[in-house]
Amino acid sequence: MDIQTLYLLVPLAPLLGAILAGLFGKWLGRKWSHRITIALVGVSLYASVQIFRSVLDGHSFDGPVYTWLTSGGISFHVGFLIDRLTVTMMLVVTSVSLMVHIYTIGYMEEDPGYQRFFSYISLFTFSMLMLVMANNFMQLFFGWEAVGLVSYLLIGFWYTRPTAIYANLKAFLVNRVGDFGFLLGIALVLMVFGSLNYADVFANVASHANDLAPIAGMHVNLITAICILLFIGAMGKSAQFPLHVWLPDSMEGPTPISALIHAATMVTAGIFMVARMSPMFEFSETALSFVMIIGAITALFMGFLGIIQNDIKRVIAYSTLSQLGYMTVALGASAYSAAIFHLMTHAFFKALLFLAAGSVIIAMHHDQDIRNMGGLRKYMPTTWITSLIGSLALIGTPFFSGFYSKDSIIEAVEYSHLPGHTIAYIAVVAGVFVTAFYSFRMYFLVFHGEERFGKAHAPHHPGAHDDRHAKETAHPSADTGQAEHHGLAPGQKPHESRWVVTLPLVLLAIPSVVIGYFAIEPMLFGGYFKDAIYVSAEHGKVLHEMREEFHGALGMAARSLLSLPFLLALAGVAMSWFFYMKRPDIPAAIQKRFQWIYTVLDNKYYFDRFNDWFFAGGARGASLFLAKFGDKFLIDGLLVNGTAGMVGKISGIVRRFQTGYIYHYAFTMITGVFVLLTIRNWFE
């Protein structure tokens, strides 16, 4: 098959699956809906593999596929840029999407919206592929908004639940804030460079490096302004502080989309975008420092919130926020390849953790509270071992994939000399301990210790956080929207999930173990991204120093056994085991002693309350003011009713002169002539 045909096949195959399942799912039925969508995503994965092999052989592509619009001498194209950065993202998106499609057969088998769900996740796959394959800002923005739209549909998939509707509206609005900055950045690019094609813009960045942005009343470097505006878009999509608030609530959607969208693909779109824009970011140290500090805040402070969560999916959600912070810190340190490397490894082990959590949720009859679990290891051996693998990869255990990518980021920040790198280094190192603690807190409470399920009133674990949003209810009825009973009945035991659920877990566990070992040398030190990512000579010293210290994947793992990050991770695991397996009274005592800290964390640093009070409340207050003053008083009262009333009063006065007597009219005429003559003589 012609290589350019394969380029088209990658995004169009999932789109075809989405159309068939969405429009004709009623006639196709459940089996054929999932068979068609899975087969077409498989076709997309196969085509991506073939393109990957072609790119490794030195074949790349950058050109238009279709001219959408020409206006004012500017052409807007649908075009593809196929290089090593693109094919890496294509393989991640299609492979994880295929696993999620297979997993969905078991997880959503009783849901009345079965065909609709398959249509949505296939449509999301198409949107994400259009985003990563774009060779211009217009198509990038199309994919950017398309994944946001499908995310909105999937978070609110169970649309009869008020919490789901609130969550998808929250995600939509917060992302619009980021997208407004993103759109301004694209507009500034078009205004200055006169083109939206990556190649044209990147080729002319150096000539504008010292220009000021054409923003009235501001003296800001042009490239800095563009980069920060674009990164604001990334802050929304990749859930960076302070636009992070939507992602934990998005767990209201079904678990498969938590794995696909909120762990492996959509939330990494911002990371990919900044890496793609490296030829611009390299000309602004201010923008790079801004990126690094935002990432450091997200990495550490979102990890703290994971410590007190009891909803199994929310623990993993806050872990995702923290790991996205790590990727963002790497971008700020100009270690773009390390960020993409962690993006890839994280996609596999985080999707694994989400899908394993879904397997536990199925076994627990949709009870998500980890305080009601415990001892599941002997009932769910496959879910247990794959969850352990995912957790070990997450905390950066040597020889696991997460270790190689996470330690690379920590080293990159240590070697960086940009302003703010010291704060960032402290945050990412401290985050290692925090990640290990909350990850294995969840692991121990779910799979080990006392069996706390199947009781009439399962007791809450001492000292655990009472999350107000801790439950994802069972699949609601399409007619009533009422959730079924959740949780195991007294005396009931959990059991391992079906093979369509456990097979994706096993297949995701394999790269979670080995892919870091095989990929670190070519991706970080072998020039894998040499033509796709640009790093200036000054900022390239970071990777150069890392290369000098690198003595192979085995040597890196062996050397890390005495490193500070490894010791902190080990301490986090040991402390979580001691606190929750041996002395569960200690967390309760700590909570009581430091109640004010617990309250701050319980309220998620009060960001939600502030947003509800200031932005939502402010919008409601402004609307009420405009309704009362603007609409009722100004428009209705003065302009509409006031005009009518004034006409009525004038008419009432004039009407008195219409008496029907000739001498009254003659007197009026004489008076009028007198007035006119007086005015004429006055001005003469």
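The values are calculated or read from the model by the stated rules, or taken from the named source; none is laboratory data. As the structure is a prediction and not an experimental result, all values here were calculated from the model. Here Cβ is always computed from backbone atoms with ideal geometry, including for glycine, and neighbour counts include all displayed protein chains. Side chains included, ligands, DNA and RNA excluded: accessible areas come from the protein's heavy atoms. Shrake-Rupley method; radii C 1.70, N 1.55, O 1.52, S 1.80 Å.
Give the calculated FRET efficiency between residue 53 and residue 160 to the nearest 0.05, with a Förster radius of 35 Å applied to their Cβ-Cβ distance. With a Förster radius of 35 Å, E is 0.15.
When you filter the chymotrypsin sites (Phe, Trp or Tyr not before Pro) in region 570-676 for DSSP loop state and at most 15 other Cβ atoms inside 10 Å of their Cβ, you are left with 594, 657, 661. In this structure the chain gives 42 Å² per residue of accessible area when probed at 1.4 Å with all protein chains present.
For the chain, relative contact order (Cα pairs under 8 Å, six or more residues apart, normalised by length) works out to 13 percent. Restriction of the GluC sites (Glu not before Pro) in region 527-584 to DSSP coil positions whose beta-carbon has at most 16 other beta-carbons within 10 angstrom yields 538. Relative to one another, the C-alpha centroids of region 122-154 and region 1-18 are positioned 15 Å apart. Here the 3J(HN,Hα) profile of region 24-32, calculated from phi with Karplus coefficients 6.51, -1.76 and 1.60 at θ = phi - 60°, is 10, x, 4, 8, 6, x, 5, 4, 6 Hz, Gly and Pro shown as x. Of 179, 531, the residue with the largest accessible area leads and the full order is 531, 179 (1.4 Å probe).
Counted residue by residue at 0.36 nm each, then reduced by the alpha carbon distance between them, the extension gain from residue 615 to residue 187 reaches 151.5 nm. Considering only Cα atoms, the convex hull volume of the chain works out to 248 Å³ per residue. Skipping prolines and chain starts, which residues have an amide H placed within reach, meaning under 5 Å, of the one on residue 81, given they are 5 or more residues away or on another chain? Amide H neighbours of residue 81, under 5 Å, 5+ apart: 134, 135. Eigen-decomposition of the gyration tensor built on the alpha-carbon atoms of region 559-639 gives equivalent ellipsoid semi-axes of 54, 17, 7 angstrom, largest listed first. Take the alpha carbon gyration tensor of region 37-129, find the square roots of its eigenvalues, order them as a ≥ b ≥ c, and report rounded if a/c is under 1.5; if not, report prolate when a/b exceeds b/c, else oblate. Oblate. Measuring nothing but alpha carbons in region 547-591 and taking Rh as the Kirkwood radius, the Rg to Rh ratio lands at 1.28. Our Cα-only numbers for region 368-460 put the radius of gyration and Dmax at 17.4, 58 Å. Report, ordered by chain and residue number, the aspartates and glutamates lying within cross-link reach of residue 26, taken as a straight Cα distance under 18 Å and ignoring same-chain residues fewer than 8 apart. Reachable aspartates and glutamates: 109, 110, 111, 479. Normalised by the number of residues in region 310-408, the mean separation of alpha-carbon contacts (under 8 Å, six or more apart) gives a relative contact order of 33 percent. The length gained by stretching the chain between residue 575 and residue 199 to full extension, at 0.36 nm per residue less their Cα-Cα distance, is 130.2 nm. Keeping all protein chains in position, work out how much accessible area residue 319 exposes to a 1.4 Å probe, and write it in Å² to the nearest 10. Here the accessible area works out near 0 Å². Stretching the chain fully between residue 603 and residue 110 yields a gain of 174.0 nm (0.36 nm per residue, less the alpha carbon separation). Simple spin-label estimate for residue 538 and residue 60 gives 2.5 nm between the two label positions (7 Å along the Cα-to-Cβ direction from each Cα). Scanning the chain for trypsin sites (Lys or Arg not before Pro) that sit in a DSSP loop and have at most 15 other Cβ atoms within 10 Å, the longest stretch containing none of them is 1-454. Cα centroid separation, region 519-589 to region 261-295: 20 Å. The calculated FRET efficiency for residue 547 paired with residue 493, based on their beta-carbon distance and R0 = 51 Å, is about 0.45.
Pairs spanning more than 21 Å between alpha-carbon atoms, out of 493/582; 237/604; 237/313; 31/378; 313/604; 406/582: 493/582; 31/378; 406/582. Dimensions of region 1-50 from C-alpha coordinates, computed as largest minus smallest value along each principal axis and given longest first, are 35, 15, 13 Å.
Scoring 290-300, 334-344, 184-194 by mean Cβ neighbours within 10 Å over their residues and listing the highest first yields 334-344, 290-300, 184-194. Using θ = phi - 60° in the Karplus curve 6.51 cos²θ - 1.76 cosθ + 1.60, the 3J(HN,Hα) couplings for region 522-536 round to x, 6, 9, 10, x, x, 4, 9, 4, 9, 9, 10, 9, 10, 5 Hz; x is entered for Gly and Pro. Between residue 639 and residue 8, the distance separating the two model label sites (each 7 Å from Cα on the Cα→Cβ line) works out to 5.2 nm.
Of 682, 68, the order by accessible heavy-atom surface (1.4 Å probe, DNA, RNA and ligands excluded), from most exposed downward, is 682, 68. Each label point is 7 Å from the Cα along the Cα-to-Cβ direction; what then is the distance between the points at residue 677 and residue 665, in nm? Going from the residue 677 label point to the residue 665 one covers 2.2 nm. Ranked by the mean number of other Cβ atoms within 10 Å of their residues, highest first, the peptides 154-167, 388-401 fall in the order 388-401, 154-167.
Calculated [222 nm] ellipticity per residue, helices only, for the chain: -21500 deg cm²/dmol; basis is -39500 (n - 2.57) per DSSP H run with n ≥ 4, divided by all residues, nearest 500. How high is the FRET efficiency between residue 46 and residue 23 when r is their beta carbon distance and R₀ equals 25 Å, given to the nearest 0.05? Calculated value: 0.50.
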